[in-house]
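The values are calculated or read from the model by the stated rules, or taken from the named source; none is laboratory data. Treat the numbers as computed from the prediction; the structure is a model and nothing was measured. All Cβ positions, even for glycine, are placed from backbone atoms using ideal geometry, and neighbour counts span all protein chains on display. For accessibility, only protein heavy atoms count, side chains too; no ligands or nucleic acids. Shrake-Rupley method; radii C 1.70, N 1.55, O 1.52, S 1.80 Å.
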Amino acid sequence: MSDNFEGTEFFGDDDDKRSPSEHFEARHSPRLGYTFIEKSLGSLDAGMDQFDDEEKIEADIYANVAVFREVMQYIEEFGIYLYSRLDTDVDFIQAITGTMPQQVKGIFESIRDGELDDVINEYQADTITDDWLKSQFGYDKIEENIDEVSIEDIVDNPSDLTVDNLEEAISVSLDHIKGQLQDIAEFFLRFEEPYNAVKHGNRVYPMPDSEFAIEGPDGEGEIELDMEFVSFLCKTTGDRRGGELYTFTAPVSMLRDQSVSIVKLTRNLYTHMYDIKQKVNESVRTGEEVSLDPSLYGVAASSDGGSQFSVKSIQNADTTIWLPENAFPDDLEQYELPARNKVAMAMRKRGNDMVVETEGDRKPSYEYPILFDVEMESDEDHLLGMNFTQNFSFSLYQLPLWQFLELDSLSDIEPIEDVVMEYRGESATQHLNTPFDLPELPEPAFPEDLEYMRNVGRAADSEIWLPYLWPSGIGHVVEFYREEYELTRDVAQELLDVIDQLTEDNVATIPSVGILDPNDVDEEGNYMPIESQELRFKMNGIILEVDNETGGGHFSLVPGSDPRYERQEQGHVEGVGLCLLEESPEELYELFLDSGLEAVTEMSVVRDLDEANTILEAKREYGPKFTWYYIDKFYFTFFEDVPPHLQDV
């Protein structure tokens, strides 16, 4: 950030000159947001005298929603600060201004799923969570001087201690901190979509009259509760089939109380981390020793045991109503439905059984590539307490070879009426009401070579992906190694090196078409799709060319070695085409679904914006290599009106 604030000098309290980053980090205050929340809580009843009774109730509900919004914003701020502490090489200003909401969500998902190690290792290789937390909370300095520090000097009430020494106190504190971080992460992720409803469009509706008509097995019943509710008009995000609408309704008192409880945990950890960092900065700047005054957690009998959020829900496809478990009326028990989650799993054939394995992660991986819907009672998060469903998804283009072969072999034991579920060393068998419906797979080409390549991956401890389409000539190479050499680790690695060299310029593309709404933007700044669909997988890369003079368009499929296809780093998105079209977005969408890429030659290009009914923007996203080829994505996106990012083009 060296280009910023070049005309400004910053000084500290002792008149020492500071960099812009040092200045803003010293001025950054985790106490400010929390103080404002306390002010809001203390003034919930302020100004109510000017309203009539009905307005008072609605104003009170919304005032509590405002506290919820401020708490979620404070947790988001904490998430950004957490993220800023991961990469020690990034300037503080750049870290807190350049961190996107999706990155904050990602770190909270990793904390919730017990995968903080993976996030830390992206920035600090071979660093485990405990060591990183020690450095953030000052425990590493205690360990360096363990013989000179007494635990009685750190805690306020030594008589309440439940540990015998500092080593044990640090261990207990780390477990307590990780538990509190998980509580914070779960709260933020649980209420993320209602929070978005407040932020984007103020989609909040007070419900002073808390009556619900619920239709169940015994007919329709009226339920009236002595509680004030608030309802949010939400949109699903991420893996949850982004963009679907539903209402989320909860007692406003529950929302406020849980918000207040969780923000106290956040304040404590946030302030502790910040204060330790500032003292370390001061020591580095002055060269003098400072007292860190670290806090310990969970080491005394009076310690706060954390915050538990046990809720129950009644729901249908359009509505979710949440209630605290201790306030859940007996009348509603029969209507309580299990919550639904997505869990990444692997499917295997073991003897005559179908085995489904998982670690409970919510994102597909090479080891667990299939995303299943599971149903769980209340907010229980233990997989063996979940109900297995037959709703699952995966991409055949991006499927590990081993998983394809396992799915193919499972057809040998149909019908499958029982499933063995394995979760972190535990197993349970679930009986299915209807036999499991295996996905239809293409007949495997060169089955002997596929099985051989699975063994190559095992020998070399490398990821081998399914060749959806075999690249030219590669099958002969695999066959040669299979027939001529005994498979060893060295032979396997040599073959993979040969394949990598021969396929360096191989590229495949997943094209997609979509109608986007320029007035509907998610928290990441992306336009929300009105309709979208992937088109047929293509070998080679797509080059789009539009002649604005003649009004014609055409496309080419070219190898990665083509000079027009200059490969960029993974994740890079570039615009490759922009034109005005006579057809409507709906007509173009159907044209692409019917004709595929040939639709490019059938659309009508116009020069004047007044004559256009559609703005077409084409983009390419460069993807990773999947053993045999890189897989890129090519987007044809249609706008009925000029989107904000193109208004100056």
(request) Could you pull out every one of the strands (runs of 3 or more DSSP E) wholly within region 202-309 that has 3 or more residues that are modelled with pLDDT under 70 and either of a type in the set (A, V, I, L, M, F, W, C) or open to solvent by less than 20 Å² (accessible area, probe 1.4 Å) (or both)? (result) 211-216
(message) If Tyr565 satisfies all but one of (1) among the aromatic types (Phe, Trp, Tyr); (2) exposed (fewer than 14 other Cβ atoms within 10 Å of the Cβ); (3) out of contact with any helix residue (DSSP H, G or I) (no Cβ under 9 Å at 6 or more places or on another chain), what's the number of the condition it fails?
(response) (2)
(message) Please go through region 114-124 and give me each residue that is surrounded by fewer than 18 Cβ atoms within 10 Å (Cβ to Cβ) and touching a Gly at 6+ places or on another chain (Cβ under 9 Å), ordered by number.
(response) Gly114
(message) Which residue is most open to solvent (accessible area, probe 1.4 Å), if the candidates are limited to region 593-613 and must be within 33 Å of the chain's Cα centre (by Cα) and farther than 17 Å from Val576 by Cβ?
(response) Leu593
(request) Being at pLDDT 75 or above, more than 31 Å from the chain's Cα centre (by Cα) and either outside any loop (DSSP other than H, G, I, E, B) or surrounded by fewer than 19 Cβ atoms within 10 Å (Cβ to Cβ) (or both) narrows it down to one of Leu82, Leu32, Leu44, so name that one. (result) Leu44
(message) Can you list residue pairs whose Cβ atoms sit under 7 Å apart, with the first residue in region 566-577 being among the acidic types (Asp, Glu) and the second being surrounded by 11 or more Cβ atoms within 10 Å (Cβ to Cβ)? Count only pairs 6 or more apart in sequence or on different chains.
(response) Glu569/Tyr622; Glu574/Gln568; Glu574/Lys619; Glu574/Arg620
(request) Can you confirm whether region 522-537 contains a residue that is open to solvent by 40 Å² or more (accessible area, probe 1.4 Å), closer than 29 Å to Glu582 by Cβ and in contact with a Cys (Cβ under 8 Å, 6 or more places away or on another chain)? (result) no
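Give, as residue ranges, the strands (runs of 3 or more DSSP E) completely inside region 477-571 that count at least 2 residues that are touching a Pro at 6+ places or on another chain (Cβ under 8 Å) and modelled with pLDDT under 95.
507-521, 527-534, 541-547
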(message) Quick test for you: out of Gly114, Gly98, pick the one residue that is modelled with pLDDT under 80, under 21 Å from Ser21 (Cβ atoms) and of a type outside the set (Lys, Arg).
(response) Gly98
(message) Being charged (D, E, K, R), within 23 Å of Pro369 (Cβ to Cβ) and open to solvent by 40 Å² or more (accessible area, probe 1.4 Å) is true for just one of Asp500, Asp490. Which residue is that?
(response) Asp500
(message) All but one of (1) open to solvent by 20 Å² or more (accessible area, probe 1.4 Å); (2) of a type outside the set (Val, Ile, Thr); (3) within 28 Å of the chain's Cα centre (by Cα); (4) more than 30 Å from Ile464 (Cβ to Cβ) hold for Glu640; state the number of the condition that does not hold.
(response) (3)
(message) It is to be established whether one or more residues within region 587-595 are part of a helix (DSSP H, G or I), within 24 Å of Gln647 (Cα to Cα) and touching a helix residue (DSSP H, G or I) at 6+ places or on another chain (Cβ under 9 Å).
(response) yes
(request) Check Glu55, Glu76 and return the single one that is within 26 Å of the chain's Cα centre (by Cα) and part of a helix (DSSP H, G or I). (result) Glu76
(request) Can you tell me which residue within region 610-630, out of those that are of a type in the set (Ser, Thr, Tyr) and in a loop (DSSP other than H, G, I, E, B), is farthest from Asp517 (Cα to Cα)? (result) Thr627
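Give Thr127, Thr88 a once-over and let me know the one that is open to solvent by 20 Å² or more (accessible area, probe 1.4 Å) and either in contact (Cβ under 8 Å) with a residue 12 or more places away in the chain or outside any loop (DSSP other than H, G, I, E, B) (or both).
Thr88
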(message) Please go through region 626-649 and give me each residue that is among the charged types (D, E, K, R) and either under 17 Å from Pro585 (Cα atoms) or in contact (Cβ under 8 Å) with a residue 40 or more places away in the chain (or both), ordered by number.
(response) Asp632, Lys633, Glu640, Asp641
(request) Give the residues of region 16-27 that are within 32 Å of the chain's Cα centre (by Cα), open to solvent by 40 Å² or more (accessible area, probe 1.4 Å), closer than 10 Å to Phe92 by Cβ and of a type outside the set (A, V, I, L, M), sorted by residue number. (result) Glu22, Phe24
